[in-house]
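Below you'll find the structure, written out as structure tokens, and then a few comments.
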Amino acid sequence: MIRDITIGQYYPTDSILHRLDPRVKLIGTLLFIVSLFLFHSFLGYIAVTIFLFSIIKISKVPFRFIIRGMKAILILLLFTVFFNLFLTPGETIFKLGFINITKEGIKSAGFMAIRLTYLILGSSLMTFTTTPNQLTDGLEKLMRPLNRIKVPVHEIAMMMSIALRFIPILLEETDKIMKAQMARGADFESGGILKRAKSLIPLLIPLFVSAFRRANDLAMAMEARCYRGGDGRTKMKPLKYSGRDFAAYLVLCAYVVAVISMRMLEKRIG
Amino acid sequence: MQIVFDHINYIYSSGTAYERHALKDINFSIQKGEFIGLIGHTGSGKSTLVQHMNGLVKATSGHIYFNGEDIYDSRYKLHDLRSKVGLVFQYPEHQLFETTVFNDVIFGPKNLGIDKLGAELRAYEALKKVGIGDDLLDASPFELSGGQKRRVAIAGVLAMKPEVLILDEPTAGLDPRGRDDILDQIKSLHEESGITIILVTHSMEDIANYADRLFVMNHGELIMNQSTKKVFARYKELEEMDLAAPQVTYVMNALKENGFQVPTDVTTVTEAKDEILKLFHR
């Protein structure tokens, strides 16, 4: 049941995107997200759409799998659209009682829907194609310069990778404890909100206990292997740019140029 | 027939990269009062199989009948099934959550809708059966030793008075004393109240001592379904599945090869002792 959440998961397959250096993917995702907020007309999103869908095609991640992940944010999306649609002041198009839909409202709701959907699609595409370890490696390397101003980059990256590593473990543990309590007649699905919240106690307490136990074990295991932070630490798989990474950077540059020229075109038209 | 599995298939995360055919066309039936052993190497589908028995996992295809009723029928109440088929998970002590041992064991019967007094009585009986003394009733379950915790967790399932008790590796990670205690308590439970027991384990010695019939799983398939002796007589096949026969079976086979006239279908140390003594008294 709980395993059906696909958002943020890694999807193991072999594509060019999977083999790219995580730094390229991180920068690419960042640029993509920025580009989403550049446009104020639907025309501008053509370039973005073409780019996003060709990347999805290249990634070899089944579209069905990606869509399944989107279900998790459907409510958030509906909320955003709802508020933008009804609460934006401007030229009234439709009015019924206190409901007041404006031209600006429709426009901004539409943009918000596109931006949010693309934002989630773009960033989940990064997690689909990059293992958590690669991701934190990439982040650590990208943030390395911050070390000079005393930001504990390695420690932050280590905390992130441990947190990411623990997500599937804790999900599995939740699943297991849930089943064990269901075998003892626990009911997580019926009843009012108060009863349901109360029924979570037999799940949450064992989960917390096991999370602390695991954290303790892990700290012990790391210390037993002489872990002492980032200074002078080497990597088994150091990140190194190869030809395809430079090619990917070129593609990104082309994308940025295309987006900026679209933006200028948009300005000139209207 | 108490439990019948009819062409059960189970596929994990179907339609994704993690798709796995965990159970392949499983068929068997279990009579009331049997003591079944379930063996198979790690990942062979044992745990998935037992989770089907109380409806925690729903099969992708096939039917399961409990006391003649189809548990996948829309009118069938799975909640009732779970009170009749008690399942003790691997490392059951990880599910303890209450402030005291006694309160934790009451959780099961209380969920069945039994009144307070009745639930307390059941909890007390169950704790007695697993050998937890009165002095521990008000202790926090988190203060107990590993073996004690496990017995409390087993009591939590026993207090629901199931007709079938399934134990998924109840002795994993326990010392020899704790292991024997738990297995002996399960055995006396089986003999006294006549409930059906299904024991999942990695220890061939344990299973030879207690089970009448064995199920052998391999890669999601039920390979063998025979009496304990017959299964261990096929120890060469078991070895191909990364399993083995009990040590004494090998001893008896070696004796036979070296010219001693002993039977080779011996699976327990006591039996082996009797047979060897018989040889010398002849």
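Please compute, for peptide A:172-180, the average count of beta-carbon atoms on other protein chains lying within 10 Å of each residue's beta-carbon. Intermediate results must be reported in sequence, preceding the final value.
On the way: counts 0, 1, 0, 0, 6, 4, 2, 7, 13.
Neighbouring Cβ atoms belonging to other protein chains average 4 per residue here.
Working out 0.36 nm times the residue gap between B:Tyr76 and B:Asp274, then minus their Cα-Cα distance, what length gain in nm do you get to one decimal? Please report the intermediate quantities before stating the final value.
Details: separation 198, 0.36 × 198 = 71.28 nm, distance 5.00 nm.
Extra length from B:Tyr76 to B:Asp274 when fully extended: 66.3 nm.
My understanding is that a pair violates if its Cα-Cα distance is over 21 Å; which of B:Lys58/B:Lys161; B:Lys128/B:Lys149; A:Lys176/B:Lys32; A:Lys141/A:Lys240; B:Lys46/B:Lys110 do that in this structure? Mind showing how you got there, number by number?
Details: B:Lys58/B:Lys161 24 Å; B:Lys128/B:Lys149 14 Å; A:Lys176/B:Lys32 28 Å; A:Lys141/A:Lys240 11 Å; B:Lys46/B:Lys110 29 Å.
Beyond 21 Å: B:Lys58/B:Lys161; A:Lys176/B:Lys32; B:Lys46/B:Lys110.
Can you compute the FRET efficiency between A:Ile269 and B:Lys24 using 1/(1 + (r/R0)^6), with r the Cβ-Cβ distance and R0 = 51 Å? Round to the nearest 0.05. Display every interim value, and only then the final one.
Working: r = 62 Å, r/R0 = 1.22.
E(calc), rounded to 0.05, equals 0.25.
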How many angstrom lie between the Cα centre of the stretch A:141-155 and the Cα centre of the stretch A:252-270? 34
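Does the stretch B:102-201 classify as rounded, prolate or oblate by the C-alpha gyration tensor (a ≥ b ≥ c root eigenvalues; a/c under 1.5 gives rounded; else a/b over b/c gives prolate, otherwise oblate)? Please list the in-between numbers first.
On the way: a/c = 1.87, a/b = 1.18, b/c = 1.58.
Here the stretch B:102-201 falls in the oblate category.
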Cα shape, the protein assembly as shown, gyration tensor, a/c 1.5 rule: prolate
Is chain B best put as rounded, prolate or oblate by its Cα gyration tensor, with a ≥ b ≥ c the root eigenvalues, rounded for a/c under 1.5, and otherwise prolate when a/b is larger than b/c, oblate when not? oblate
How much mean residue ellipticity at 222 nm does chain B get from its helices, if each DSSP H run of length 4 or more adds -39500 (n - 2.57) and you divide by all residues, to the nearest 500 deg cm²/dmol? -12000 deg cm²/dmol
Residues whose built amide H sits under 5 Å from the amide H of B:Val88, excluding neighbours closer than 5 in sequence, are B:Ile166, B:Leu167, B:Asp168
Starting from the amide H of B:Leu38, placed 1.01 Å from N in the peptide plane, find each other amide H under 5 Å away whose residue is 5 or more places distant or on another chain. B:Leu199, B:Val200, B:Thr201, B:Phe215
Pick from B:Leu167, B:Leu189, B:Leu158: which residue has the top mean-square fluctuation in a GNM of chain B where Cα pairs under 10 Å get a spring? B:Leu189
Can you grab the distance from the C-alpha centre of the stretch A:42-99 to the C-alpha centre of the stretch B:18-40, Å, no decimals? 47
For chain A, calculated [θ]222 nm from helices alone, where every DSSP H run of n ≥ 4 adds -39500 (n - 2.57): -23000 deg cm²/dmol
Enter the Cα centre distance for the pair the stretch A:121-137 and the stretch B:182-243, rounded to the nearest angstrom. 45
Counting only other chains, and only Cβ atoms inside 10 Å, what mean value do you get across the residues of B:84-93? 3
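Ordering B:Arg151, B:Arg177, B:Arg75, A:Arg23 by how much accessible area each has at a 1.4 Å probe, largest first, what is the list? Mind dumping the intermediate values first?
Values: B:Arg151 45, B:Arg177 175, B:Arg75 195, A:Arg23 25 Å².
Ranked from most to least accessible, the order is B:Arg75, B:Arg177, B:Arg151, A:Arg23.
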Rounded to the nearest 10 Å², the 1.4 Å probe accessible area of A:Ile33 is 50
Simple spin-label estimate for A:Arg64/B:Ser193, 7 Å along Cα→Cβ, in nm, reads 4.6
Max mean-square fluctuation residue, GNM over chain B, Cα-Cα springs under 10 Å, options B:Ile114, B:Ile132, B:Ile186: B:Ile114
Can you list the residues of the stretch B:171-195 with backbone N under 12 Å from a point 7 Å past the Cα of B:Glu125, pointing along Cα to Cβ? B:193
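The values are calculated or read from the model by the stated rules, or taken from the named source; none is laboratory data. If you're wondering where the values come from, they're calculated on a predicted model, not measured in any experiment. Here the Cβ is made from the backbone with ideal geometry for all residues, glycine too, and neighbour counts use every protein chain on show. Note: areas computed on protein heavy atoms with side chains; ligands, DNA, RNA excluded. Shrake-Rupley method; radii C 1.70, N 1.55, O 1.52, S 1.80 Å.
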